[in-house]
1. From the set of residues in segment 54-90 that are small (Gly, Ala, Ser) and exposed (fewer than 11 other Cβ atoms within 10 Å of the Cβ), which is modelled with the highest pLDDT?
2. Do we find a residue being touching a residue at least 12 places away in the same chain (Cβ under 8 Å) and aromatic (Phe, Trp, Tyr) anywhere in segment 231-252?
3. Looking at segment 31-53, which of the residues that are within 15 Å of Cys130 (Cβ to Cβ) and small (Gly, Ala, Ser) is surrounded by the most Cβ atoms within 10 Å (Cβ to Cβ)?
4. Return the pair list, or none, for Cβ contacts closer than 8 Å from residues in segment 82-99 that are charged (D, E, K, R) to residues that are surrounded by 11 or more Cβ atoms within 10 Å (Cβ to Cβ), at least 6 apart or on different chains.
5. Would you check if Arg30 is in a strand (DSSP E or B) and either over 56 Å from the mean Cα position of the chain (by Cα) or under 30 Å from Gly152 (Cβ atoms) (or both)?
6. So for segment 35-57 (the condition being over 34 Å from the mean Cα position of the chain (by Cα) and not in a strand (DSSP E or B)), does at least one residue qualify?
7. Looking at the structure I just gave you, is Ser182 surrounded by 12 or more Cβ atoms within 10 Å (Cβ to Cβ), modelled with pLDDT under 85 and outside the structural domain of Val62 (by TED's automatic domain parsing)?
8. Report whether or not Ser102 is in a loop (DSSP other than H, G, I, E, B), at pLDDT 80 or above and hydroxyl-bearing (Ser, Thr, Tyr).
Amino acid sequence: MIKSMTGYGSAKGVSGKLEITVELRSVNNRYLDCSVKLPRVFVSFEESIKSLIQKHISRGKVDAFITIDSSKAEDVEIKVNRPLAEAYLAALKSMADDYGLSCNISAVDMTRFQDVLQAVKRETDTERLCADICEVLERAIVAFEDMRSREGEKLENDIKTRLDEIERLTAAAEDISPRSVSEYRKKLEARLQEVLQNACIDEQRILTEAAIFADRVAINEEAVRLRSHITQLRDMLASDEPVGRKMDFLVQEFNREANTIASKGNDSEMARVMVDMKAEIEKIREQAQNIE
């Protein structure tokens with residue numbers, strides 16, 4: 001099944017007491033253009049995130065937005081400076097012994113001495129955080145791919161409908177082409193009758209002129225190639241591989257054959273058929289611009 005290049009997916013998760021939110025958005029682009037936006041302090045995670053995205057997406061402009069909320073995290077830890085506290089205690093006990101003083105010291109008393117208690121910022125386990133972000137990203141990608149598949153199904157159905165119409169118009173053009181030769185012969189014979197009046201008309205000359213005209217307006221080869229392109233495009237729609245670029249090229253071939261048939265057309269009915277066909281091909285081209 002084909003996938004659209006347009007999609008959106010999001011997921012949330014946690015890493016310790018950090019809250020992680022991941023959003024993925026994509027639009028049409030000729031190649032894969034991946035942009036990751038996350039807190040500057042975690043910029044080292046960018047390559048891992050891009051690598052994971054590239055495993056699932058081959059074409060489109062993809063923006064990944066990653067936010068990390070640390071409002072509920074315990075970023076600060078209070079630590080006891082044990083060497084300093086022990087030095088204070090030893091000094092106090094020595095003073096009490098030297099001067100015959102009591103030494104009733106509480107924990108609260110110890111906190112009054114400078115630097116006995118220290119506020120230390122808790123270190124983040126970056127490897128664990130990167131792994132947790134990637135886990136949340138994986139879930140966002142699942143939602144993202146689901147939306148792209150649903151959009152791709154709509155594109156596929158629309159293109160199939162238009163291929164059926166192109167096939168019908170090809171058959172109509174094949175039906176018109178021989179009739180135009182017959183009409184040309186009748187018109188040629190009528191003109192010669194008018195010009196020569198009662199003179200004998202060279203039937204062989206009429207047959208030769210009609211044959212030359214028939215060869216000039218014959219569309220057999222173009223019709224065969226058009227049907228071949230239709231089959232190829234249907235096969236592409238059934239593929240599980242990204243086919244957007246191949247489809248772009250094939251639609252150009254559709255246009256080439258249609259333009260050739262239109263240039264060979266010699267009446268208004270053929271012109272109408274080819275205008276309708278080229279309109280269908282253009283709509284397929286527009287839809288193909290959104291296929292991965």
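The values are calculated or read from the model by the stated rules, or taken from the named source; none is laboratory data. Keep in mind that this is a model prediction, so the values were computed, not measured. Positions of Cβ are backbone-derived with ideal geometry, glycine not excepted, and every protein chain shown enters the neighbour counts.
1. Going through the qualifying residues, I end up with Ala90.
2. no
3. Looking at residues that are within 15 Å of Cys130 (Cβ to Cβ) and small (Gly, Ala, Ser), I get Ser48.
4. Listed pairs, sorted by first residue: Lys93/Cys103.
5. Considered against the rule, which asks whether it is in a strand (DSSP E or B) and either over 56 Å from the mean Cα position of the chain (by Cα) or under 30 Å from Gly152 (Cβ atoms) (or both), Arg30 comes out as no.
6. The answer is no; no qualifying residue exists.
7. The answer is no for Ser182.
8. So Ser102 passes the test.
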